[in-house]
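What follows is a set of notes on a single structure, which appears directly below.
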Amino acid sequence: MNTAPRRWRTSTVLLIECPWCGPRAETEFSYGGEAGIERPADPYALSDAEWADYLFFRRNPRGAHRELWNHAQGCRRWFGVERDTVSYRIEKSYRLSGAGSARPAAAHIEASEEKRR
Ligand SMILES: [Zn+2]
């Protein structure tokens, strides 16, 4: 029996399409933050404020947003998603390596995971 308050109950499941496994329930995934954040080429050249901006501050747009997701309960791979933050509609999901790579650092994560296999 579902004991959650009625307002929290929902029959709607957000499906996220893993580029390798296909559509799966959101509960199989972990959110990895905003995509496209590039590590500064020379971190020592940055001021403390610029470094803090790189480390801690992210956009919080209303509308289209590029994000990183990990299929934590599936293939455990990272991939990119373009999602509308208002409607939750996912426009597309894509692999990070090769064409359409969201960010080099994320692609590096994928390359490291490939080495472990
Ligand atoms: Zn997967």
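The values are calculated or read from the model by the stated rules, or taken from the named source; none is laboratory data. The structure displayed is predicted, hence computed values, not measured ones. So basically every Cβ, Gly included, is an ideal-geometry build from the backbone, and we count neighbours across all protein chains shown.
Counting only residues that are without any contact (Cβ under 8 Å) to a residue 24 or more places away in the chain and more than 22 Å from Asp84 (Cα to Cα), region 26-55 holds 16 of them. Counting only strands (runs of 3 or more DSSP E) wholly contained in region 7-117, the ones carrying 1 or more residues that are within 15 Å of the ligand (Cβ to nearest atom), in contact with a helix residue (DSSP H, G or I) (Cβ under 7 Å, 6 or more places away or on another chain) and at pLDDT 90 or above occupy 15-18, 64-70, 78-84. For Pro23, the conditions (1) touching a residue at least 24 places away in the same chain (Cβ under 8 Å); (2) in contact with a strand residue (DSSP E or B) (Cβ under 6 Å, 6 or more places away or on another chain) all hold with the exception of (1).
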